[in-house]
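Working notes for the structure below.
What follows draws every value from the coordinates through simple rules; no lab data is involved. Since the structure is predicted, the reported quantities are computational estimates derived from the model, not experimental observations. So basically every Cβ, Gly included, is an ideal-geometry build from the backbone, and we count neighbours across all protein chains shown.
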Amino acid sequence: METTSSFDVIVVGIGGMGSAACNHLARRGKRVLGLERFDVPHAMGSSHGVNRIIRLAYYEDPSYVPLLRRSYELWRELESGFGEQLLHITGSVDASAADGEVFLGSLRSCQLHDIPYEVLTGAQLAERFPGYRLPPDHTALFQPDGGFILSERAIVAHVELAIGSGATIHAREPVLEWEATPAGVRVDTAKGTYEAEQVIFSAGGWLGTLVAEVSGLAVPERQVLAWFQPAEPGLFRPEKFPVFNVTVDEGRYYGFPVYGIPGFKVGRYHHLDETIDSNDWEREPNEADEAILREFTARYFPAANGPVMTMKSCIFTNTPDEHFIVDRLDSASQVIVASPCSGHGFKFCPVIGEILADLAIDGTTRHDISLFRLDRFMATI
Ligand SMILES: Cc1cc2nc3c(=O)[nH]c(=O)nc-3n(C[C@H](O)[C@H](O)[C@H](O)COP(=O)(O)OP(=O)(O)OC[C@H]3O[C@@H](n4cnc5c(N)ncnc54)[C@H](O)[C@@H]3O)c2cc1C
């Protein structure tokens, strides 16, 4: 049992967001302790499964675009500090019916923020990228800066750089209890008690179990990914196949070219709408999970519909409006909570890390995070 030690900031949860926060805090000279319940990295939360999509055409809300631009800069900076490529550009396709949210929202983002794009019909898309077989009357927005980030490697990169700047990171040390104190915060684990002026909770699917104020606002959900071996692998190489978000009759899906695992990677947003307890859920993917993803692949990407190579389950942490939570608690301003998920957060890790460091160090940030305030839910809690 360690005796009490003190830090400027404790970061609880060293996944996508916590690792980035540790890096940004440490490089700005703060004494940081990062505590992670599992390994660094691990496959129990929201950030595993090789890669995550990044795109500028942001149908969720155009106000994410300035954050995305900063994220691209910070991903490139992280790569050069780490010495490894983390961001792969493939272009991105956002497609739906012409009056659907995915296409129209992406178009609005591009127009408002002067982002280059092309509009293609489903038929033109299939001609240009023959792995695609969307309905011919579907409308697709192609944006050339889209691509994917290697998510587990990104966590390793942020943690290595954080440690290089003096951060203390402990894995396999779950936070059991914490308390706001007059001087800041006290955090207890099975191995020690730690004190700090501030705490950042970036605990992903466990956030609501640690911070009562957000339970009910950050709700974990089971999600499943599959990798199918293409019959024609040449059509699904990163240089031939842009990442995608598409809405079709069956729902909203996303996918990737073959990378890291010999398969076309595909997932369905809110797979079976299964809310879970993050400590106790069905992690092992099953035949029904495969059937959902295979049915979609067979219909819209038939040349990828070969034997399954890998399946993984993962946690989405959803807010009621699917926008992030990044804020201080009203009841304890030394406590910062971060839930940038709802299935679309990973691409923002470095800018969220920068914002969390701004909030802890300066009390404010130059980035516009008004969309992520907790008080927008006040009417519902
Ligand atoms: C299947 C899937 C596909 C996705 N696709 C995309 C995509 O294409 N593009 C995109 O931008 N986003 C995507 N997302 C969303 C993105 O992955 C998440 O927004 C992101 O991973 C969230 O990071 P996080 O740091 O909040 O969570 P995590 O990375 O899970 O980190 C939380 C950490 O907190 C730790 N923790 C929890 N409780 C404690 C405790 N008591 N003590 C210590 N540590 C604790 C956990 O172990 C974990 O390591 C996807 C998510 C999933 C699940």
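Exposure proxy check: 309, 44 ranked by fewest other beta carbons within 10 Å?
Fewest-to-most ranking of 309, 44: 309, 44.
Please report 69, 222 as a ranked list, fewest other C-beta atoms within 10 angstrom at the top and most at the bottom.
With the sparsest Cβ surroundings first, the list reads 69, 222.
Can you tell me how segment 150-212 classifies by the Cα gyration tensor, rounded, prolate or oblate, using a/c under 1.5 as the rounded cut?
It comes out prolate by the Cα gyration axes.
Straight-line reach from residue 240: which lysines fall under 24 Å, measuring Cα to Cα and dropping same-chain residues less than 8 apart?
Result set, ordered by chain and number: 265, 347.
Most fluctuating residue of 183, 43, 303 in a GNM of the chain with Cα springs under 10 Å: which is it?
183
How much net charge surrounds residue 153 when only the other residues with a Cβ under 14 Å from the Cβ of residue 153 are counted, with Lys and Arg +1 and Asp and Glu -1?
For residues surrounding residue 153, the net value is -3.
How high is the relative contact order of the chain, in percent, counting Cα pairs under 8 Å that sit 6 or more residues apart?
Across the chain, relative contact order equals 23 percent.
Residue by residue through segment 333-344, what is 3J(HN,Hα) from phi via Karplus (6.51 cos²θ - 1.76 cosθ + 1.60, θ = phi - 60°)? Round to whole Hz and write x for glycine and proline.
Taking θ as phi minus 60°, the curve returns 6, 7, 10, 10, 10, 9, 10, x, 9, 6, x, 9 Hz for segment 333-344.
Between residue 321 and residue 270, with labels modelled 7 Å along Cα→Cβ, what's the label distance in nm to one decimal, could you check?
1.6 nm
Is the shape of the chain rounded, prolate or oblate, going by the alpha carbon gyration tensor and its root eigenvalues a ≥ b ≥ c, with a/c under 1.5 for rounded and a/b larger than b/c for prolate?
In terms of gyration-tensor shape, prolate.
With r as the distance between the Cβ atoms of residue 365 and residue 183 and R0 = 30 Å, compute the FRET efficiency 1/(1 + (r/R0)^6) and round to 0.05.
My answer for the efficiency is 0.80.
Test of understanding: ordering 47, 370 by Cβ neighbours within 10 Å, fewest first, what list do you get?
Placing the least packed residue first, the sequence is 370, 47.
Springs between alpha-carbon pairs under 10 angstrom, Gaussian network model over the chain: which of 195, 79, 287 fluctuates most?
Highest fluctuation of the listed residues: 287.
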